[in-house]
Each structure stands twice: as C-alpha cells, then as structure tokens.
Amino acid sequence: MTPKPRRDEAVGAWARADLRPLRATLIATLAAMGEDSPDRHVAIHAAGDRDECDMLLDFDGHVADLEALREDGAPVLRVVTQVGSLFAARIRTGYLLRQLDELERWNDAGAPPPDKASGDSLAGLVAAGAIRRASLGRGARLAGDGARGGQDARIPPRRAARAEDAPLGAGVTLGIVDTVFDYAHVTMLPFGQTLEAPPPPNPDLRIGLLFDPYATQQGVARFGASYDTQALAQDLAACLGAQDDRPLSLAQRDAAAGGDTEATRRQLFAQHGTFTAGIAGGSGNASVEGRYRGIAPAARLAFAIAGIQDNAVLADSLDVLAAVNRLVEDSGTPLALLLNNGDCLGAHDGTLLGELLLDELLLHPGRAIVLPAGNQNAGNTELIGAGKTRIAPHLAIAGSVTQPRTERIGFTYTTRASKADTIEIWFQASGMPTASITMEPGGPPIEPLSGHEGRPMRVLSLLGGDARMVLIVELGPGAEPNLWRLRVSMLPVRGPMPVDRIRFELTRVIGEVHAWCDWNNATQRDWTEPATGRQDDVTTLTTPATAHRVIVAGECADGPIGFQPAEPSGRGPTRDGRLKPDVVALGAALAAPVPQRSPMAHRNLAAAFAAKPEQLERFAYATTPGGTSFSAPQVAGLAALLFEKWPDATWADIRQAMVEAALRPEQWKPSGAGQVVEFPGAQDDPPEAGLRTFGWDRALGYGRIDVGRTLAPPPPTFDVFLRKSADDDGREPYAAATLWSSPDIVVTGPHRLSVGTAQRGQRPVDGPARLFLFHAPFGALHPLPRIDGIPVPDSPWQSLLTSGSGGTGSVVVTAGDVVTVETRADVDLMDGTARSILAVLDHDQDPYELSATLGMRNNVAAVSVSVAPLSDGAVTGMPPVTILGTDDVDSLSLWTENLDARLEVSGIPVTALPWRTMRLFLGDGRLRSWTRPYFGQRDAATQDPANWLAEASDAGASPDAATGIARLTGVVGAARLALHPRDADGFRRLDISAAQDRLWIPRLRLAQGQPLMLQVRLNDAHLRDAGRPGWVHMGHFSGGRRVGGASMRIVPLPG
C-alpha cells in the first residue's frame, strides 16, 4: 500500500527538522534591531511585547506539550491557533535563539546526544522528531493595486458578474479578511434600512463577527478580540447618541500607522476593507434602487483585520491565519471566505505552512476560501515621478531538463534601498549544485555555497560609508527530489543598503529556474540578467494562492473581444504545474462603498441628500482602481450564492461549478442579451482530469465568472444521466450531503435490477448507450470502477454483468428508458448482504470519465443504503461500512437524522488516527528514528508506536472530554474514547462515541487502496418524528472532496 506523506518535510543531516535557516534569520533580525533601523520589526512581532516573535510549527505532539515549555519557571510559548498538526504561536525571542543555538551545536556534532530528546525544551522536541518544520511569521500584504484608475463610470458589481437576477446568499456566512471595515456604512445593514430605523443599537446589523488580532479583551484569554453583533451595534449607538463626530471605536486602525508616506497607498489602506466587503456582500443601501448591491447582499457578514498596509512592516502571517481560523470557528453556517492577502516569496507549490493550514481547513464540507491571484505580473507598473516604473518581482528561465548548465542571474537596484529585501531562487539540479554570489560595489567576498555541505549558510555584515546592512545567504534542498532553494536576505541596519547589483551563478541546473524577490522596494529594483530567454509572465501568482484547495481569482478588463487579462493580474501555473488561477472577474471601475470618518458623517450625508438619491449615491460610493483584490470579492460572493443553493457543498463542488460555467473572451457578449453558450462536453485531453471546460489560460484561468450561468447552467449538447436522488435534475456537480440513494436503481429479484436512464442534452444522443453495473462492499464507492476490462489490483468493484469473454459486461439501452437487467447468477442481490451497487451510463457523445468522482458527473449513480430495525431503543442489524484509502487525505463524517440516540463508531485502528502525545517520541532514553506508518503499510502493527503506547488517558489533559479527544486525535464531536486490546491482526482499535448527533474525523491515516471496515452503533435510540424513518449517514471525503459513503434507514418494528 502507498502512504500519503505530508508535503515538504524538510529535515537536517540527522533526520530531524532543520531549523538553521530560522536561526540565521533571527540572528540577523536582532542585529538589525540593535540600531535605529526602519525595519526593526521584521520577524519580530510589530505590536506588543518586543521580546516575542511569531512562529509556525508542524508539530506531531499535543498543544499542552508546547504550552508547557518553560525557562526559569516562566512560560515561553503561547499557541494562538491550531489546525491539525499546524500551530501558530508566539514565542519569547531570547528563548528561541538559545534553543536554536543548541540545535546548531548538535548539527555541528552530527546528531544530538540521546538524552537530549525531551519534551522540556523546543530543541528537545526537535531532537525527538516531534517538530517536523518551523518558520518565522511572514508578512501579509493587500492584493489590491492602487496605481490604476481614471474611470468615472461605476459598474454595479452584480452587473459586472451577471448576477442581476441571482439569489441573495441568505443562510450563508461571507467572511472577509482585509484591512479596516467601516461597519457604520449603511450597505452593512439589510436592504432598505438606515442608521435611523430601527433605532440603534440595531439588532439587524448583518455583521455577525468582527475579529481584531491586534486587540485584547479584558478577562478574555484568547488571542485577539472578537466583537459580536451586539457589541458592534452598541458602538454605533454610542457614536450616534453622542451627536458628535466621534469615530467608531472597535477594530479601527489609523491609515498612517503603517508608515507609508505615499498618499494613494494610505488612502487605499483606509478604504480597502470596506470596498471589498461592499463588492462581495453589500446590501446596496444609499444607491439608487439598490443597484450597487454586492454579489451576496443577504449573507451574514464576518470580518477580520488583516494587517497594517506598509511596504516594510506588514501583518505577520500568524495574525492572518488566526483570523481565518476564527472566522471558520465562528461561522455556524456554510462559509465563503475571502482572504485578500498575498506574498511574493515561497516555493509557489503549496508547501508553505500557512498554505497547508488553509488546505487543512478545507477538508471540511461547507467551506470555500477565495484568494486573489495578486498583482505582481510583469505588466504591473507604478507611477513614479514623471513616468512609470515596472514592478516585476518574478523571473523564470526555461532550460533543458536533461543537460546540466550554469545559470547566471543579475538583480539591480536603480536607487539604493532602505527597506529589507529577500530573494529566493528555486531550481532543479542534477547532483549537488553550487551557488556563488557577488555584491556590487565590492564588499567582503562571499564564500561559494555547495550542496555537499548539506544546507550551507553565510551571515555577514556589509558596510558602505555610514551605511550598514546584514546579509544572510543560504542554499538548501526543497521538498521535491533535486529541488533547491537559494535564499538571500538583506536587512538594513543603518541608512540605505550599500548594494547596487547582485550577481548569482548556479551550477548543475536543469529545467526551469524561478526567482522571486520581496516587494518592499518594488519600484527600485529589477531582474536585469539574463537579457534573453526569460519568461516574466508565468508563475507570477502570489502566495498563499498556490495552496492546493483554495479558489484563485484573477482580474480581467473589458476589451474589444469580450474581455482581456488585466496586465498586473498574477499568471499561472503554480511552480509545480497546477492550473491556477481558476477564474477571473472585472476589477476596475466597480462601484464600492466609501467609508466615512464617523457614523455621524454617514447620518449627516444621508440627511443632506435625502431628496437627492443620485447625489447621495455619488458620495456614498466610489470607483475601484483595479486589482485582483476587487475581482476576488465577486468570486467569494458567487461561492456564497452556491452555498445558499448547496449548503453541503465542498470546496471542490464550488470550484467545479465556477470553472465549468466560466466563459472565454470570444463567448462573452458585452450585454449578455440573448447569449446562450452550451455547456462544454467531454474532451479527449482536458486541461484537468474530470473537469469539462473550454480550456485553461495562464492569465484568465478557465474564464470569466457568469453568476447566472453558474447557478442555472444550460445543458451540454449531449447529456445522458442517471439520477443520484429523487430531486436530481442532472446538473453537475451534484453537491448534496449524500450521493448514494438513486431511486432509479432497484433490486427486483435475486438476479435482476431495474435501472431508469435519462437524457437532458440540447440534442438526443445518436444511437444507444451502454449500461454497466457493479457491486462492492457496503460504502466502498471510491475509486470508481473501470469499464474497459483492464484489471485493477485491490479494486472493490465486481461487475454484475459478464461479457462473452468473461470481462466487464454491459447492456445496450436507449437513454431515457427504464430497463430490466438480468445480473450474474453467482451474486444473490436479495441474500440480506448489505452492498453498494453502482450503475454507469456510457456513450461516445457523453463518455464516462474514470478520473471523476461520484458527484462530479451525472452518468454514474449508486445505491448504498441498508435498513435496520428499531425496537425498544435498540437498533440491530446495522452492517459494517467499508471505505478504501485514497490518494489524498481521507476524512469521515457521521451524522443522524430524525433520531435521538447515542452514536458510536467502532473498529478504527489507533494507527489510522493522529495520536498527538509526546509519549510516542520519548520514554526509552534514546532517539527514535521512525516515522509513524499508515494503516495498511507493511508491518504497521509493529512499527507504529501508537499501536503499543496509546492510552485513553492521553486525551485527559483538557478542559472537557470533547476538547481532549479533538486535541489528541483530531476527531470533532466525540464524548468518549474506548481503547481495546490488540486484535488478531496485531492492531489496537477504538470505539468513539459522539457527544451529540455528529462526528467529524478530519484525518484517517490510510494507505492508498487499504480497506477499513467500521461498525456504526446506535444506543438508546428514539425517532423524533414517529411518522418518518430515522437515518444514519457516513460520508467519505478525499482531500475535502465527497467521494462516497453509505446510509442506514432506521425503521421501527411493527407493534
């Protein structure tokens, strides 16, 4: 069986997390802080205690293990947020440096002493193997571009996205992480309301949460400050009741606090959050007939402050990630979240710890995260003085993937820079590369770095007159085989940095080279070598938009043929070849709400133009200057509308609906009038397996969003289908909580099935279709079966039909008919065995797609339902449910309907769950060199320490049982763990009891193809409504995609 290791596990020479780059960065930062430097806050937290810095950790232990760290009896680390094994924390800077010094001594010695692996120190946790990766907090920056504009016409956001007649997003939370929000603007109220009616404090304020990571609340221990609707309404009431011009008091930031003296940027900071909130979900109040309403004007709003806009001191990513997680925890409804930030640095392959955290959040259904593609493409320019300066942080160089070469790169400052800068060059190498760096004008020589050194690093000071800077150069391996990163960090200590030009020489390079620089000195530098053979407009996406499960929005502009890419909009693909951006939307000239200095200013404005709605609209709304942070809110609003339609949708459902409905420039008519573009059909070589699109473009993604088309897609030319449920109309994807209750697959005899087929295309298909039938163990619906007869090892599927040659059989049917099919004589469909039955309808004009999942395409349907009797509170005869490990993260959801009962699932091996306790790493006086195997890997029973060390008491050190179990195993909603002795196969297994009617298991550690059989039990069960049956459902997810499951119908025995 194949394991699914975590992406980017960086280790040092002694097979433990390598934190040497972190140490060098911290040393240089502290050195820079020793002088009067404008960049003294880089890596050190910019607010509060200067002795703290932000740290992200991939840690396999318990949160209590981190928070128990002490120095001289005082705590040294505070966990801010946790998602799975990913922790964002604040740690004492001096303690961290001393721990990194200790690790450096161990690295020099070749390995730490065996007795140093402990849970008493950060270095000990690294030595024990519990910390896989760590990084210092990175900056977050607005994705907006304030340099463009000049258009007076204001385009209503709903018209730009063709959402005029769309629903309004009721019952969905629209979360926005951005700069400050003016929650006194009337567009934040339900349509038709003002600041006068109902009188404040207004119980109908649409904002359910405002989170400020930079504030504290008295008596509240949690990180940051959270304000609910009542607190915000009371703040409004206090301001208005004072009858003066006092500003809002909660979660507000002075635009000058960022320190950027450029007026346009400061204004953008002050307006940005309110702009994006209005585009995504404003109600349209204060515009004529509500015409400037946002895409989801009835959604519940939740805001989080993203940071202080400045080129040198930015919001730490810890703050942003904490804000995202707080909005997720608060939502209580389906959540469409807009994260309006971006960064130039990172591998651009989804392996940053912050990107992994976003991906982890998206394992759960009912969530979608939208990010802008960023505005760092080669076409981005900024007005400087009398002309425009090109802003191009990225350089790509193509080359042979087989012939090693020497690559020379030049980086030049047009004027000396006074802000910190970082350069990263990512490249593949054949063998061990070397890197040489020359700084001009002359400075101390930098010893070349060689891959033979492991992770060589140089730290030195550069002087030039009165100017001084600290330089860090590091060469180290990346996550992929043969991948390397050269990183150069420059921190000014006194005056502008004494550097005009940097030359790089890399040896043994193969394939593409990608180089990125930070944007702190964006208008003062450029890549000047090589002059030819370079590609400046590929892979210019910002991070974390290169995460795997997020939806990425680029920007387009209206053009002579439909629309065209906006020049600054980030281009794809990602560095590892994934297709981002996903879609585009208009970014410039959109109508957006203008914040005012105070609630009273809003009231006075409304009063002054009460009889002149056009004049009120003119002052209450402005025009966006352009940028992906104004296109992304439309995509987030569309996600909210899709969640209104499909509350149980996954991120993958939302993305599929968007990209398959997106239009290419030649298909987009400016007015949209009379436009009917059929949905794309199957393609021989699609850009992305399983999707049906009009093609992908590195600037436009799959095309421009059309909200009306996305919510009510026209059928393709040919479309044969099978219903997945009674309300399935054949539209794709099918995004319901259960996918396996087709009413058209009916067992009518021991060897007979009735199957109903349909077609909904613009035209009927030519000739008959082929119907295939399969069965599998109950619940094992993924992966889908092959129909070409090629055997698949360990496949759960067996054909119910045989061909003359003994392979996979089929019957010929006319799409639209109900057919009776005789099945194999050696499979009795009425023998009482619970099984999953699957039907596939295949036609040359609408072929079955093996690479799709069950919900993606409509020509495959399943029945995976059994019946269990209920008598005197006991449910008997519930069959075991089987799932197979997939090629991504496996998750399970269990829930009941119309039942009051104690829900329990048993049979989960300890090896198949995270088990976050340091007892797995410590206790025998020696360093362990293992990594936990997945359930299904060879010798997992003997090689997994959790299988022989786990104790139910490991979950005990928490405020309550549910919290303790969640922190230990990741399982959400559990009230009790029961741990059994080893079974005959050598594995210890668990019973998990739910606290209420739902369990969520986000991570099952299953090897690909490994079957896992689980038993669901109900105790003390009673129907809430005796006139309806009860249900127990189990849903199986792969990487957050719903791929299968089973349902059990609970019916009372007569009498």
What span do the alpha-carbon atoms of region 393-468 cover on each of the three principal axes, reported in whole Å from largest to smallest?
47, 27, 19
As a Kirkwood estimate from alpha-carbon pairs, region 539-586 has a hydrodynamic radius in angstrom of 11.1 Å
Taking the square root of 5λ for each eigenvalue of the C-alpha gyration tensor of region 867-1052, the equivalent ellipsoid has semi-axes, largest first and in whole angstrom, of 31, 18, 14
Over what distance in Å are the Cα centres of region 712-775 and region 938-1005 separated?
39 Å
Can you list the DSSP H helices in the chain whose Cα atoms extend at least 15 Å along the helix axis and whose mean Kyte-Doolittle hydropathy is 0.5 or higher?
20-33, 229-241, 317-330, 628-645
Which whole-number percent is the relative contact order of the chain (Cα, under 8 Å, 6+ apart)?
13 percent
Could you pull out every one of the aspartates and glutamates with an alpha carbon less than 20 Å from that of residue 612, ignoring same-chain neighbours closer than 8 positions?
152, 196, 289
Show log10 I(q)/I(0) for region 715-863 at q = 0.15, 0.16, 0.20, 0.21 Å⁻¹, two decimals, from a solvent-free Debye sum over equal Cα scatterers.
-0.72, -0.82, -1.34, -1.49
Kindly give the semi-axes, whole Å and largest first, of the ellipsoid equivalent to region 435-571, taking each as the square root of 5 times a Cα gyration tensor eigenvalue.
32, 21, 15
Among 96, 838, what is the fewest-to-most ranking by other Cβ atoms within 10 Å?
96, 838
In whole Hz, with x marking every Gly and Pro, tabulate ³J(HN,Hα) for region 410-416 from phi via Karplus 6.51 cos²θ - 1.76 cosθ + 1.60, θ = phi - 60°.
x, 10, 10, 9, 6, 9, 5
Kindly put 118, 629 in sequence by how many other C-beta atoms sit within 10 Å of each C-beta, fewest to most.
118, 629
Which of the peptides 575-582, 855-862 is most tightly packed, and how do the rest follow, judged by the mean count of other Cβ atoms within 10 Å per residue?
855-862, 575-582
Which value, in debye to the nearest 20, describes the size of the charge dipole of the chain about its Cα centre when Lys and Arg Cβ atoms bear +1, Asp and Glu Cβ atoms bear -1, and nothing else is charged?
400 debye
Evaluate E = 1/(1 + (r/R0)^6) for residue 844 and residue 729, where r is the Cβ-Cβ distance and R0 equals 22 Å; express this FRET efficiency to the nearest 0.05.
0.40
Give the shape of region 527-566 as rounded, prolate or oblate, defined through the alpha-carbon gyration tensor: a ≥ b ≥ c are the square roots of its eigenvalues, a/c under 1.5 means rounded, and otherwise the shape is prolate if a/b is larger than b/c and oblate if not.
oblate
Ranked by how many other beta carbons lie within 10 Å on average, peptides 1030-1042, 155-167 from highest
1030-1042, 155-167
Taking H as built 1.01 Å from N, whose amide H comes closer than 5 Å to the amide H of residue 586, not counting residues under 5 places away?
556
If contacts are Cα pairs under 8 angstrom and at least 6 residues apart, what is the relative contact order of region 715-863 in percent?
37 percent
Full-stretch length increase - residue 461, residue 952 - with 0.36 nm per residue and alpha-carbon distance subtracted
171.4 nm
For region 768-850, what percent of Cα pairs sit more than 23 Å apart?
20 percent
Alpha-carbon gyration tensor eigenvalues x 5, square-rooted, for the chain, Å
45, 37, 30
For region 932-993, divide the Cα radius of gyration by the Kirkwood radius and give the resulting Rg/Rh value with two decimals.
1.00
Compute for region 659-791: radius of gyration divided by Kirkwood radius, i.e. Rg/Rh, restricted to C-alpha atoms, rounded to two decimals.
1.01
Neighbour-count ranking [beta-carbon atoms within 10 angstrom, fewest first] of 571, 206, 1028
1028, 206, 571
Once Lys and Arg get +1 and Asp and Glu get -1 on their Cβ, which of 444, 457, 1023 lies farthest toward the positive end of the dipole of the chain?
444
With contacts defined as alpha carbon pairs under 8 Å and 6 or more residues apart, what's the relative contact order of region 393-535 in percent?
47 percent
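The numbers here are math on the coordinates, done by the rules we state, and not lab data. It should be emphasised that the depicted structure is a prediction, and the values quoted were computed from it without experimental measurement. Don't worry about glycine lacking a Cβ; one is built from the backbone with ideal geometry, like all the others, and counts go over all protein chains shown.
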